[in-house]
Structure formats: C-alpha cells, structure tokens
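Undergrad: First, the structure itself, so that you have it in front of you.
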Amino acid sequence: MFPFAISPDKAVEELARFNKKLAAGVKTFTEVGQIESGISPKEAVYRDDKVTLYHYIPRVENPHRVPVLVVYALVNRPYMADIQEDRSMIRGLLDEGMDVYLIDWGYPDASDRFLDLDDYINGYIKRCVDFIRDRHDIYRVNILGICQGGAFSLCFTALHPDRVRNLVVMVTPVDFHTPDNLLSLWVRDLDIDLLVDTMGNIPGDLLNLTFLSMNPFRLTGQKYLDMVDLMDDKVKLKNFLRMEKWIFDSPDQAGEAFRQFAKEFFQKNGLIKGNVKIGDRRVDLANITMPVLNVYATKDHLVPPDASKVLKQHVGSSDYQELAFNGGHIGVYVSARSQKEIPPAIANWLKERG
Amino acid sequence: MDNNPFSADWMSGWTSLQRKMWEDWSEATQSTFGNAWQTESPLNFFKNGMSQWPNMFMPQPVKSPEVMAMRHAMGSMEEFMRMGREVFKLFQKVSDGGTMAQEWTGQLDKAIQQAKEMFNQGSEAMYGLTGLGKVDEMASFWSRPMKAWNDFITTNPAFSNDTMRALLSGGQATEEALQRFLSVPGVGYTREKQEKVQEGLRLALEYRKANEDFQKLMMETSKRALDLLHRKLLEMGAEGKSLQTMRDLYVLWVDCNEEANAATVAGKEYNEINTRMVNAMMRVRRNMAEMVDGTMSAFNLPTRRELDSAYRQISLLKRRVSALEEIIGELKGRDATAEINTLRDDMEKLGVRRLREELAALRNQLEEALTAPPAESGAEAADKTAIKKTVRIGNAKPQPAAAASAQKGE
C-alpha cells in the first residue's frame, strides 16, 4: 500500500492553513508583552561582585525556621526554577511553608575570567550561607543544589559540614563517567587548557550549541513548527517564549572555573575519586554526614540517573534517601506532574528533619 | 481546485490558495504594522519565500525571545514549505507514471537514491556552509533538517565568525597556493612575523581538514537518516499504514534524522573528529589572537595579554581582601569574656597556682624550722633571724605543720 494518504490538494490546504495560522499569530506576538525572568516576588538581600542573593517573600505566615538556599548551575539562569506561576519549584516550596533563598550568579564578563571554583564555593557560596546564618541567627542552613549547582553544593557541604543541616541535590552529576553520559564523552579528549587559554571565558552560546547537538533537529526545527500551533493562544505562546528565553539566556562561563570543572570533574571524574581540590582542601564526600535527599530524573539525557544515584555509595550520611522523578532534566522543574510531586516531597523531607 | 490527487492541475488550486493566504497575510500585517510591511504583490511575496517575516521583526531588540523564536519559526516554516514542494514533485512523478499503486516502492527507491547523491556533493553544496551558498537551491527537502541545524551552527557567534567561515572557503587551488607559501623559508627582519603567519595558515589548513571530516560524517549521518526513512516507509506500506498529513511526514523525517544523529554522536568516530575540529579551531583562534596582540603592541595599545594580566591581579587582590575581611569579621565577633576565661585557664595550666602553693609550703617549712628547739651556734642563730625577717617581708601567714605536710603529699 502506498504510505502517503496525502493528496496534493489536501497538502496545499494544510500548508495554507498553517501559513494563515502563522500570519494570525503575528498579532499575538505583539500582544505577549514583557517576558519576565522568574515570577515569585523576591528581594535582593546580599550582593558580592556580580553575585546576588535573593530572598523570596514567604507565602505562609510562619515559614519553616531553617531556610533553604537554592544553589543553581553556572550554566543558564536560575529562573528556570521559577519560570511561570503554575510551573515553579520555588513557588511550590514557598507554598509548602519553606523560607527560600537563591544565589543568582549573574553574567561573568572578561574581568571575571580568573574566578575559580574556590572563589565560587569557598567564596560566594560560603559568604551567602554565612549571611543567612547571621540573618536568621542559626548555625546551619538547608541547601538545595541543582545540576552543576548540586555538584557545588556537595563540595561545599563536604568542606563545611558544620554549616549545613540537610542537603538536597537535584539532577546532580556525581559520577561523570557513566557510559551514557554524552556530555562527558564529548569533553573527555578536548584540550581544555587550549580552549580556556584561547577563549578566556567560555561563551554561553558555545555551551548552548553543545546541548542542542543532542537533539538538533527537534530543537532547531520541529519545535518552532509546533509553536505555530499555539500562536493563537496568548498564554501558551508566552509560556513557550519564557522557555525559549531561558534556553538562550546563557551566561558565559568564568574561564578558570570552567577549566577546573571540565578537567577535574568531567575528564578526571575527581568527585567520586576524592581527587578534587577546592582551594587547598580535598573534597571528601564521606564528610557529608548530615541527611541527604537525592532527586534524579529517570529520563535525564544530560545527567543520566546512574551518574546521580552513585552518590549513595560515597556520602558518609546514614540518612540518605532518593527520589526518582519519571521525566527529563528540565521536566523535573517545569512539568505539571513535577509541581505536584517534587516541592511537597522536598519540603516534607526537610520538615521531618527539623 | 482540481481534486484529482496527482494531476498536473493541482497547481491552479495551489495558486488560488496562495492568493487567499496572501489576503489573510495582508490583513494581518496591516492591522498590526500598517502598510509599511506590504510587499508589492503576492507574487513577490512567494518569490521571496518567507524571507519577509524575519525582516518584520528587525526593529525589535535582536536577542529578545520573541524575535529569536519568530525567526526560527520562519526558518522552520520555510523548510516545511519547501518540503511540501519537493513532495509534490515526487507525487507528480509517481502520478505521471500512472503506476502509483504498483511501483511506488521503485519510485521511492529512486527518490532516496537521488537524495543520497546530493549528500555526496559535500556540505558546501548542500548547505552553503561557508556562506557562499552557491548551489543552495538545488538542495531538496531531504537536506532541510540538517540545513536548519547547520544554519544554527554557522550563525552562532561563539562557534563561528566571518574570519572562521572564510577559512573554510576556497578549494584545492587555494590550498596548493597556500602550501607553496608555507614552504617559503623566512629570512631577514620580518622572519618572525612571516613564520607566525605561516604557522597560522598551517593551523587554518588543519582546521579546514578537520571541518571537512566533520561535515563528511554529518553527510553520512544524513544518508543513514534517508535509509531509515526508506525502511520506515516500506514498513508502513507493508503494514497498510499511511501518513495522513505533510506534518506527519515532516515529523517522521525529523525522527529519522534524530535517530541517525543519536547513533553518530554517541560513537567514537564523532568524538575523535569533533575533538580534533574544536582543538584545531582553538589553535587557529589562539594564533590569530597572538598576531592581533603583536599588532596592538606595535601601536602601543593595550593587548589581550596585558588585560588578562590585570584581571589576574584583580582576582588575586580580591581573594586577599576577602581573606582579610574574614579575619576581621572573626576578630570583631569574638566574645571577650570567653577570651579572658581562656587566658585564665592558660595561666592556671602554666602552674601559677601550684607555684604559689609550693611557695607557701616552703614558708611553712621555714617557720617550723625556726620554731624548732635551739641547738645552734651564734652565727646560725643570726642566719635564721635573717631568714625569718625575709619570709615575713613576703607577708605569709604561718601554717600548721600538718597542712604543710599535706601539701607535700600532693
């Protein structure tokens, strides 16, 4: 049987209909208005170079007494965790009574080229944590690290266990050499020193291209045809554009920090081998003795589940739990299902532990 | 419109639909932007394809998500339309033969084979990768998903720029000329500069070779995607299934490309070639930067090297300031009472109390000795008196003998 039930007139009609939709959608485009970066009200409470510590306005009268500090990755911007009203992990945590802080790394420029992981972890993160400790008059805070921010949180907690009460990591790579880790495979033999010495800071566009290489045809073609279908709906179009803005809102990476992360974590797999040194101290995951919740996504193509789950074997905590989300790396924050599952699970886990 | 699926008359229906679409389009653009966006006639609009759309968004900030999304949408739409055109051609051929039902598999084989032949012409011909795009028009819809991706890469400022694209252009003749230049030894005052330029060209050739290898691999991937599509269509035919819309076909084709791409990028060959290409590109860029630095330095202008040096110094100073601030913070926040108590403890540990007690015990012993029965010479008595006086200067109270003994036993 001929596998095309597409007669020319049907096809012409389909294309014309499609084009008409596009033409009508132009008007919707002009009416969408400003695309916000994050939707939950927040205030900047501390600044350190280009880094800003935000405090989200609590949504309950008496929030949980131990605040949660969200540590996001250097890649892309942290408003992914607060992208729209009905798709916000931050809002979910606030609704569950959490008191939430978030580190915004800003946009490094050429003058930040020599920032290294010591500056980020023992500098910015530590000072943000200390600021929160002073502000709330507490000894230890809860930390929620996301993706690369999760790896940073692991390092910070291992180096400063006295400052962390509970640690939550989400879609966080720990073993960088699992066979299904494409990113790691691509980076493995690159001359990182040459790359950083040549480029200085690593352009965000270059990283974007790398991520897009995983599904290039869907992400640079099909996705935009699909967009035409929702162009007559202002709300849906705006939501699409929010995501679009986030995807291409990629700060450059401070050169030295990138060099260290690419070489020590990706190439040498130093985090699980205990070889990573931040400043003059070695990161030993066994120092993480406080409760740990590890949230991973079962269909994560950037951080495969096995790359995260291995954490269990390396931390020194006797209170270690995993939460598997049936979805992908981005879906874990923004899918409708994740809104119902992830923030309540994290909040309850934290509340149970004081 | 003629409803005969594969007659040549379908073009008239297509034209009337185009006209209708043009009217819709005019209405939409006029209501949104006024008359400024009108093109001269529907014919021009279709002649120019979708290129009018991105221009419409030019006045807005270039990187706003609306503009970027709309531009990508326009690009995808254009590819989709072209795909439609090519599919019509395929249908037309099948229809003209009048053997659609019987020989469609043969026609499909032929179409796939022709598409593969196009991929054999190389990336420059297929995608206009170098920006020349000299035979871009001949590329059919088969290359469309890959072209969209290539456009993405070549317009990415981080990955490519005019200089890097220029390095990729040129054919065999250029390469031979370059090789001849490279073999000229450097002499005289400009020797160093010549060697630097020669090194740059050598690196550029390496990069071009690596890029060609990369493109070849991607071409092979596209051919594998064609094979996949071929296989899936045959399977659908065998199972009595069919594609209902152009969109279905587009999605199937994208799926095939993704499947082929996933297999390629997970392989060792891709990793080796991609790594070689990126490393080669970085060597070229570094060489360029060094030459630019040399020129800037000759004009007594700041160089990248000097700026980096300054930034490094600033970073080091910042770290030192942070360390000092931390120390100051610790000093400010320290509890003085606790410090005093600690010092007291330290003093105690040094044994001051014990020394005092020992001293007191010695005094007691002396007191006892002085109160013992006198069986001594005049000189000894004078000495004891002197000791007694000395001890009393210390203002120590005499202690009973029992207490002194107890202290000794500590």
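Undergrad: Name the residues in the stretch A:201-213 that are facing chain B (nearest Cβ under 7 Å) and touching a residue at least 40 places away in the same chain (Cβ under 8 Å), would you?
TA: A:Pro203, A:Asp205
Undergrad: Might you check whether a residue that is open to solvent by 50 Å² or more (accessible area, probe 1.4 Å) and at the interface with chain A (Cβ under 9 Å from one of its Cβ atoms) occurs anywhere in the stretch B:295-307?
TA: Yes, the stretch B:295-307 has at least one match.
Undergrad: Does the stretch A:220-241 contain any residue that is assigned to a loop (DSSP other than H, G, I, E, B) and closer than 30 Å to A:Trp349 by Cα?
TA: Pass one, the stretch A:220-241, residues assigned to a loop (DSSP other than H, G, I, E, B): A:230-233.
Right, trim to closer than 30 Å to A:Trp349 by Cα and you get none.
So far as the stretch A:220-241 goes, no, none of its residues is assigned to a loop (DSSP other than H, G, I, E, B) and closer than 30 Å to A:Trp349 by Cα.
Undergrad: Of the conditions (1) away from every other protein chain (no Cβ under 13 Å); (2) open to solvent by 50 Å² or more (accessible area, probe 1.4 Å); (3) within 20 Å of A:Val45 (Cα to Cα); (4) at pLDDT 95 or above, A:Leu94 satisfies every one except a single condition; which number is it?
TA: If we test A:Leu94 against (1) away from every other protein chain (no Cβ under 13 Å); (2) open to solvent by 50 Å² or more (accessible area, probe 1.4 Å); (3) within 20 Å of A:Val45 (Cα to Cα); (4) at pLDDT 95 or above, just (2) comes out false.
Undergrad: For a quick check of your reading of the model, give me the residue pairs whose first member lies in the stretch A:10-31 and is more than 7 Å from every other protein chain (Cβ to nearest Cβ) and under 16 Å from A:Leu237 (Cβ atoms), whose second is among the basic types (Lys, Arg) and open to solvent by 20 Å² or more (accessible area, probe 1.4 Å), with beta-carbon atoms closer than 7 Å and at least 6 apart or on different chains.
TA: What qualifies is A:Thr28/A:Lys234; A:Glu31/A:Lys234.
Undergrad: Same structure, new question: Taking B:Asn287 and the conditions (1) facing chain A (nearest Cβ under 10 Å); (2) out of contact with any helix residue (DSSP H, G or I) (no Cβ under 7 Å at 6 or more places or on another chain), which numbered condition does it fall short on, given that it satisfies the others?
TA: Checking B:Asn287 against (1) facing chain A (nearest Cβ under 10 Å); (2) out of contact with any helix residue (DSSP H, G or I) (no Cβ under 7 Å at 6 or more places or on another chain), the one that fails is (2).
Undergrad: Go through A:Asn62, A:Asn76 for me and flag whichever is out of contact with any Leu (no Cβ under 8 Å at 6 or more places or on another chain), open to solvent by 10 Å² or more (accessible area, probe 1.4 Å) and on the phi > 0 side of the Ramachandran plot.
TA: Within the list A:Asn62, A:Asn76, the selection yields A:Asn76.
Undergrad: Within the stretch A:322-338, can you find the residues that are in contact (Cβ under 8 Å) with a residue 60 or more places away in the chain and over 20 Å from A:Asn142 (Cβ atoms)?
TA: Those that are in contact (Cβ under 8 Å) with a residue 60 or more places away in the chain and over 20 Å from A:Asn142 (Cβ atoms): A:His329, A:Ile330, A:Val334, A:Ser335, A:Ala336.
Undergrad: Okay, next question. Just need a number here: residues in the stretch A:217-236 that are more than 9 Å from chain B (Cβ to nearest Cβ) and touching a residue at least 60 places away in the same chain (Cβ under 8 Å).
TA: Final tally of qualifying residues: 4.
Undergrad: On the basis of being β-branched (Val, Ile, Thr), modelled with pLDDT under 95 and in a helix (DSSP H, G or I), does A:Val75 make the cut?
TA: no
Undergrad: Then there is this: When you check A:Asn142 against the structure, is it open to solvent by less than 10 Å² (accessible area, probe 1.4 Å), within 22 Å of A:Val292 (Cβ to Cβ), in contact with a Pro (Cβ under 6 Å, 6 or more places away or on another chain) and in a strand (DSSP E or B), yes or no?
TA: no
Undergrad: Looking at the stretch B:251-274, which of its residues are buried (at least 17 other Cβ atoms within 10 Å of the Cβ), facing another protein chain (nearest Cβ under 7 Å) and either outside any helix (DSSP H, G or I) or not aliphatic (A, V, I, L, M) (or both)?
TA: Correct list: B:Asn257, B:Glu258, B:Asn261, B:Asn271, B:Asn274.
Undergrad: Then there's this: When you go through (1) within 9 Å of chain A (Cβ to nearest Cβ); (2) touching a residue at least 12 places away in the same chain (Cβ under 8 Å); (3) closer than 18 Å to A:Met1 by Cα one by one for B:Lys241, which number turns out not to apply?
TA: (2)
Undergrad: Residues being touching a residue at least 60 places away in the same chain (Cβ under 8 Å), of a type in the set (A, V, I, L, M, F, W, C) and open to solvent by 20 Å² or more (accessible area, probe 1.4 Å): count how many of those fall in the stretch A:44-59.
TA: In the first step, residues of the stretch A:44-59 are kept if they are touching a residue at least 60 places away in the same chain (Cβ under 8 Å); the result is A:45-46, A:48-51, A:53.
Imposing the further condition that a residue be of a type in the set (A, V, I, L, M, F, W, C) reduces the set to A:45, A:51, A:53.
Retained after the next criterion (residues that are open to solvent by 20 Å² or more (accessible area, probe 1.4 Å)): A:45.
Matching residues across the stretch A:44-59 total 1.
The values are calculated or read from the model by the stated rules, or taken from the named source; none is laboratory data. Given the structure is predicted, the values throughout are model-derived calculations rather than measurements. Note: ideal-geometry Cβ built from the backbone for every residue, glycine included; neighbour counts use all protein chains shown. Ligands, DNA and RNA are stripped out before the accessible areas are found, and what is left, the full protein with its side chains, is counted by its heavy atoms. Shrake-Rupley method; radii C 1.70, N 1.55, O 1.52, S 1.80 Å.
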